[in-house]
Amino acid sequence: MFRVSTNPRRTFVALSALTALLVSGCASEASPPPSPASTPSPASPATDPPGRATALVRTLADEDLVGQVLMPYAYGSSATKVSPGSAAGNQKLAGVDTPAEMVAKYRLGGVILVGFSADDPTSKNQATTNVDNPKQVRELTTGLREAAGQLAAGPAPFLIGTDQEYGVVTRITDGVTLLPSPLAAGAAGDAALTEAAWRAAGAELAAMGINMDFAPVADVLATRSTVIGSRSFGADPERASAQVAGAVRGLQAEGVAASVKHFPGHGLSAADSHKDLPVVSQSRAVLDSTAFPPFSAGIDAGAMAVMSAHLDVTAIDPGVPATFSHKVLTDVLRGQLGFQGVVITDGMNMEPAKRWSPGEAAVRALNAGNDLILMTPNVSQAYDGLLAALRDGSLPRARLVEAATRVLTMKFKLADRPTPDLSTLGSAEHRTAAADLAAAAVTMLRGKCDAPVAGPVTVTSAAGRATARAALTEALTAAGVDVVPSGGRIVHLVGYGDGAGDLRDDAAVTVAMDTPYVLADAKSPTLLATYSSSRASMTALAGVLAGKALPTGRSPVPVTGLPATACGS
């Protein structure tokens, strides 16, 4: 186990001064990437991450600095051997065949691994998938690191990130311990359980070679949003803050950088920023009291990164997406909230960011205060645009140096950590952490809290829930409940995107496996919520239905006509 507890407010306190010293010292002429043998070694390198970053930045050419602030996706499940289709995708994206060639050509600071999961609201900007199973992911990340080790910035660990939020946005699903959704953690309301579960998650990500997770979601679910939904810890800023801090501590204890998102708060709008520019019209007072507290909690817990959002925040900078707003990112996030770590954009292949060309969008994002450009739709154009802006002065050298120094500082915080063995995945300890969190989340919104379901049970579900239905059937049988194909008391499951038309009036029990809003229309005498369809959540549900456990959770979002819990206060 490894712990990262440095508070970025203190760690980066001298960054501005360091940047000023570096601006005149960075190479400005184009040069090919040096070989490992010719890579300059900083004289008397500091042992602290900011010092190591400062020393390294002094040796880097313009091309290296630009590369360090780019974190694109790539096509292919291997760093060096890809299918013809993946090669064609990489050619269109970056003019190369393989991910390793992309790293080398553009001297990249990192790569994001992408993929799909069922009911994924982010699927529209997942152009490909890099993930199949943990062994494949480990081989891919090893190959990417070998390619990055040949670069001038090679002494700093290569960043490999992914969106492992758990719940509906989970990039790697096979062979790993699946936590219940963040909304389930909000229902459990125990930050210690959340920290333990996310520590297990961090260990498993590290074992696969991933050192950055674009999680946790710090958005307060102030609206009934399907794009955020169960990705949020809930509607109460104070309760959500405790959960965000727990998740940050858990991830970073295992050497995986946490990136709290989507600043300044995507939960205040129901619109989907993958397709449109959502308008956040709440007052500045509401932002301060509702949206910002979980981000502040994540920052105070030591979060190494914050992700900016494509949101039009009218109370701060109307008409300008927050990703491109100096007022939002520099004045508020850095000035008011005191964050001095790495700010990373949301996907630049999302519609609100595509109003500009990839090069201009990258320059605008960096000038606004971002330090890493994520998922540009064209790596070549973003790279060339940043270089051109640096040389014509529209991207100040001080801003680029500052960004690259922040990125390298974060990398050095993650350095010198042995990669855990893949055998850590799915360990008994990790499964227990997920199970404990899932069990504490189960909520009864109507019914008798200590009464098991009587008689034989028949499990049904809305369309597309066969996996959860099978998992619950197996768990109920293991708990001693008689499960029959038909004719039993109906336990009906609904999940992401399901509505009133997916309910059954004849169900004895209706269970919400995502946001619980749909339960307001359910006629069942017993209403339960797990907020998640993970195996751990289905096992926990079976324990309640069998009378072996009490549903101790509280709904973290209001449901019309129903209490937060029917089981006490």
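General observations
- A Förster radius of 45 Å, combined with the Cβ-Cβ distance separating Cys449 from Ala470, puts the computed FRET efficiency at roughly 0.95.
- Taking only protein heavy atoms and a 1.4 Å probe, the accessible area of the chain is 52% carbon and sulfur.
- Length gained when the stretch Glu146-Ala500 is fully extended (0.36 nm per residue, less Cα-Cα span): 122.2 nm
- Mean-position separation - Cα centroids, the range 346-409 and the range 131-209, in angstrom: 25
- Of the chymotrypsin sites (Phe, Trp or Tyr not before Pro) in the range 293-356, the ones in a loop by DSSP (not H, G, I, E or B) with at most 16 other beta carbons within 10 Å are Trp356.
- Burial ranking of peptide ranges 106-116, 399-409, 488-498 (average Cβ count within 10 Å, highest at the top): 399-409, 106-116, 488-498
- Residues of type lysines that Lys448 reaches as a straight line, Cα spacing below 25 Å, ignoring anything fewer than 8 places off in the same chain: Lys523, Lys548
- Solvent exposure of the chain amounts to 34 Å² per residue of accessible area, where only protein heavy atoms count and the probe is 1.4 Å.
- Entries in Lys92/Lys124; Lys124/Lys354; Lys354/Lys413 that, when Cα-Cα distance is taken, lie over 25 Å: Lys354/Lys413
- Each peptide among 342-355, 514-527, 410-423, 178-191 gets the average number of other Cβ atoms lying within 10 Å of its residues, and from highest to lowest they stand as 178-191, 342-355, 514-527, 410-423.
- Chain lengthening between Thr460 and Leu422 when straightened (0.36 nm per residue, less Cα-Cα): 10.1 nm
- Sorting 546-552, 255-261 by their mean Cβ neighbour count within 10 Å, with the most densely packed peptide first, gives 255-261, 546-552.
- In plain terms, the chain from Ala192 to Phe116 could stretch by 24.4 nm, reckoned as 0.36 nm per residue minus the Cα-Cα distance.
The values are calculated or read from the model by the stated rules, or taken from the named source; none is laboratory data. A quick note: this is a predicted structure, and the numbers were derived from the prediction, not measured. We place every Cβ from the backbone using ideal geometry, glycine too, and count neighbours over all the protein chains shown. Surface accessibility is based on the protein's heavy atoms, side chains included, excluding ligands, DNA and RNA. Shrake-Rupley method; radii C 1.70, N 1.55, O 1.52, S 1.80 Å.
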